[in-house]
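Here the structure comes first, spelled out in structure tokens, and everything after it is commentary.
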Amino acid sequence: MKNVWEVWPAILSPAACDAVIEKAEQYPVQSATVGFDEAQRDDHAYRSSTIRWLDPDIEAELVKTLMRYVHASNRTNFGVDIVAPFDLQYTEYHGTAHGKYDWHHDVWLESPRPYARKLSFVVQLSEPEDYEGGAFEFFGLQQPGATFAPRGSMLIFPSFLQHRVLPVTKGIRRSLVSWVEGPRWR
């Protein structure tokens, strides 16, 4: 691997970020959970945010735009066997709820599925001045910090890396998250 993670600055314009937020608001809102399938549970001490699941088939143009960057990063940094994202998750971390997501990784190690999450990405939809706190961090690695803060920026990384979002203390941090899947690791 050339880089452990990569940031693409301002891949979406402010108008495109607004459009994603508007599209997301058409989908049902729910409280974020922890875990997979039957083991999913609410744990607001561990993860506090609201999410909306966007349909990647309906949002095909957005997926196409995002995947151009994922494929470029994969070609130069990661070199894993990927196909496409299965889900698009719009997330809001509210300062009034101290929105956060503690240390976790995005892989499901005991999955019975024939595919696995290989690369994760996060697109910053908020202006840095829209909220306080809410920094994205990796465990034991250099942090993306200010390079990932600008609105419209995209962070791409292997799904097995541990990461977290620190509590938002004021305002709302909005992001779009997805996991690009491929055949199971071998």
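The values are calculated or read from the model by the stated rules, or taken from the named source; none is laboratory data. Not measured: the values here are computed from a predicted model. Backbone-built Cβ (ideal geometry, glycine too); neighbour counts: all protein chains shown. Ligands, DNA and RNA are stripped out before the accessible areas are found, and what is left, the full protein with its side chains, is counted by its heavy atoms. Shrake-Rupley method; radii C 1.70, N 1.55, O 1.52, S 1.80 Å.
When Rg and the Kirkwood Rh are both derived from Cα coordinates, the Rg/Rh ratio for the chain amounts to 0.93. In terms of the mean number of neighbouring beta-carbon atoms within 10 Å, the peptides 123-133, 68-78 order highest first as 123-133, 68-78.
For region 120-155 and region 51-117, compute the distance between their C-alpha centroids and round to whole Å. When both Cα centres are located, 15 Å separates them. Of the solvent-accessible surface of the chain, computed with a 1.4 Å probe over protein heavy atoms with every protein chain present, carbon and sulfur atoms account for 54 percent. Solvent exposure of Lys64, expressed as accessible area, is near 120 Å², computed with a probe of 1.4 Å over the protein chains only. Averaging 1/r over each pair of different alpha-carbon atoms in region 53-105 and inverting the result gives 13.5 Å, the Kirkwood hydrodynamic radius. Straight-line cross-link reach from Lys2 at under 21 Å between alpha-carbon atoms covers these lysines, not counting any fewer than eight positions away in the same chain: Lys118. Over the chain, accessible surface divided per residue gives 50 Å², non-protein components excluded, 1.4 Å probe.
Under 16 Å of direct C-alpha separation, and excluding same-chain neighbours fewer than eight residues apart, Lys23 reaches these aspartates and glutamates: Asp55, Asp57, Glu59, Glu61, Asp87, Glu92. The charge dipole of the chain, taken about its Cα centre with unit charges on the Cβ atoms of Lys, Arg (+1), Asp and Glu (-1) only, comes to about 580 debye.
The distance between label points at Asp57 and Gln30 comes to 1.8 nm (points 7 Å beyond Cα on the Cα→Cβ vector). Summed over qualifying helices (DSSP H, 4 residues or more, each -39500 (n - 2.57)) and divided by its residue number, the chain shows a 222 nm mean residue ellipticity of -4500 deg cm²/dmol.
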